[in-house]
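Please read the structure below before turning to the comments.
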Amino acid sequence: MKHLTILGSTGSIGTQTLEVVRAYREEFCITALAAGSNVSLMEEQIREFHPKKAVMWTKEAARELKERVKDLSIEIGVGMEGLLEISTMPETDVVLTAIVGMIGIRPTIAAIESKKTIALANKETLVTAGHIIMPLAKKAGVSILPVDSEHSAIFQSMNGEKKEQVSKILLTASGGPFRGKTREELSGMTVEDALRHPNWSMGKKITIDSSTLVNKGLEVMEAKWLFDVGLDRIQVVVHPQSIIHSMVEYADGAIIAQLGTPDMKLPIQYALFYPDRLPMEGERVDFYALSQITFEKPDEDTFRGLKLAYRAAAAGGSMPTVYNAANEKAVALFLDRKIGFLQIPEIIEMSMEHHKVIEAPDVEQILAAEAETYDYIMQRMEL
């Protein structure tokens, strides 16, 4: 039986992880859950899965949750202190990090230092602190198993192969809801338009990131660290059907790909049971019905988030943190209807041009760069 802690249990990845757990209840024991502010859903999860501990991000949410579950024998923690505590519980085998944002960095580091297997669904951890996380995991002998569909596909496509024989990583992208549109058309796009993803059911933030191709830019940076490859060997390919989740090209020209329906439970389940594959209910790819799969070159001039990501990754140091932080703030402003869609990449570029790169930043410097970027944007936007 695997003892599992889920950071971000009420979000899209967290709830789908618990769907996998429901299908294989005899295989799992949920030791701890953590969430932001969704007290009602957390209460439901606690009553169903009986974790020893649960953590809410705010004191108010933690206080409310404690009152709601006072009839149960469970410890309720709060904030970063609580996250660090449940990430290092002796009985936990696997920590699934699906919490949104850079608050996932410290718990991931703590879990690695405590020799926990990491099922990674938090992009920010590697985007901003890959130079810290990957050497630390190697030193600790800890596995980092990607939960993101594209990185899981790459991971699966490299199974049994020699890493030094990898020629290129082909990172597929659906193109999002605005694929093929011009900048003029994008200027009038609303929040509702951006949230209508053609293939995937995801949280709001990642869905907006998909519409700008920033999500793919973050995945490029993550792949660089996960698979130890140069940026020049990571190529983004738009594949609208989202059947091929990513591919790996080898020195002899052979390309190995992972295919499947667009369902996040597949990479989640693969990470939880690796190296085994267990049955999973759901649709299967019907090639007769599919009839064709197509590929396109990403339009980096219209969707500038991807080009800016390569620029940030090439600059290195603290620049990926600024890219990520600026995007987070810009997306939040867009969701609040305070800026237009095309202002998202403009804010990212503005923030990157303002920033002076810190080489090999430590965690404190990473978090400081994030805060400084937020402050700069609010000042410039006069918000």
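The values are calculated or read from the model by the stated rules, or taken from the named source; none is laboratory data. These figures come from a predicted structure and were not determined experimentally. Counting neighbours? That spans all protein chains shown, and the Cβs are built from the backbone with ideal geometry, glycine included. With ligands, DNA and RNA removed, areas are computed over all heavy atoms of the protein, side chains included. Shrake-Rupley method; radii C 1.70, N 1.55, O 1.52, S 1.80 Å.
Taking residues in the range 334-352 that are in a loop (DSSP other than H, G, I, E, B), and partners anywhere that are surrounded by fewer than 16 Cβ atoms within 10 Å (Cβ to Cβ), the pairs with Cβ atoms closer than 6 Å and at least 6 places apart or on different chains are L342/S187.
Here is a yes/no grid of residues against (1) under 16 Å from A223 (Cβ atoms); (2) open to solvent by 40 Å² or more (accessible area, probe 1.4 Å); (3) assigned to a helix (DSSP H, G or I); (4) among the small types (G, A, S):
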position	(1), (2), (3), (4)
I133	yes, no, yes, no
K138	no, yes, yes, no
L145	yes, no, no, no
E150	yes, no, yes, no
A153	yes, no, yes, yes
Q156	yes, no, yes, no
E164	no, yes, yes, no
K168	yes, yes, no, no
T172	yes, no, no, no
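Any residue at all in the range 330-341 that is open to solvent by 50 Å² or more (accessible area, probe 1.4 Å) and closer than 29 Å to K162 by Cβ? Looking through the range 330-341, none of the residues is open to solvent by 50 Å² or more (accessible area, probe 1.4 Å) and closer than 29 Å to K162 by Cβ.
Looking at G79, is it open to solvent by less than 30 Å² (accessible area, probe 1.4 Å) and farther than 22 Å from S143 by Cα? Here the answer is yes, as G79 does meet what is asked. Looking at the range 254-333, the helices (runs of 4 or more DSSP H) lying wholly inside it that each contain 1 or more residues that are in contact with a strand residue (DSSP E or B) (Cβ under 7 Å, 6 or more places away or on another chain) and not basic (K, R) sit at 265-273, 304-315. Within the range 229-251, the set of residues being without any contact (Cβ under 8 Å) to a residue 60 or more places away in the chain and more than 19 Å from M202 (Cβ to Cβ) comprises G230, D232. Scanning the range 1-20 for residues that are touching a strand residue (DSSP E or B) at 6+ places or on another chain (Cβ under 9 Å), touching a residue at least 60 places away in the same chain (Cβ under 8 Å) and either within 17 Å of A121 (Cβ to Cβ) or surrounded by 20 or more Cβ atoms within 10 Å (Cβ to Cβ) (or both) yields K2, L4, T5, I6, L7, G8, S9, G11, I13, G14, T17, V20. For the range 105-131, the set of residues classified as open to solvent by 10 Å² or more (accessible area, probe 1.4 Å), touching a residue at least 40 places away in the same chain (Cβ under 8 Å) and of a type in the set (V, I, T) consists of I109 only.
Residue by residue, here is whether (1) on the phi > 0 side of the Ramachandran plot; (2) modelled with pLDDT under 95; (3) open to solvent by 50 Å² or more (accessible area, probe 1.4 Å); (4) over 16 Å from the mean Cα position of the chain (by Cα) holds:
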{"site": "W225", "(1), (2), (3), (4)": "no, no, yes, no"}
{"site": "V229", "(1), (2), (3), (4)": "no, no, no, yes"}
{"site": "V236", "(1), (2), (3), (4)": "no, no, no, yes"}
{"site": "G253", "(1), (2), (3), (4)": "yes, no, no, yes"}
{"site": "I256", "(1), (2), (3), (4)": "no, no, yes, yes"}
{"site": "F287", "(1), (2), (3), (4)": "no, yes, yes, yes"}
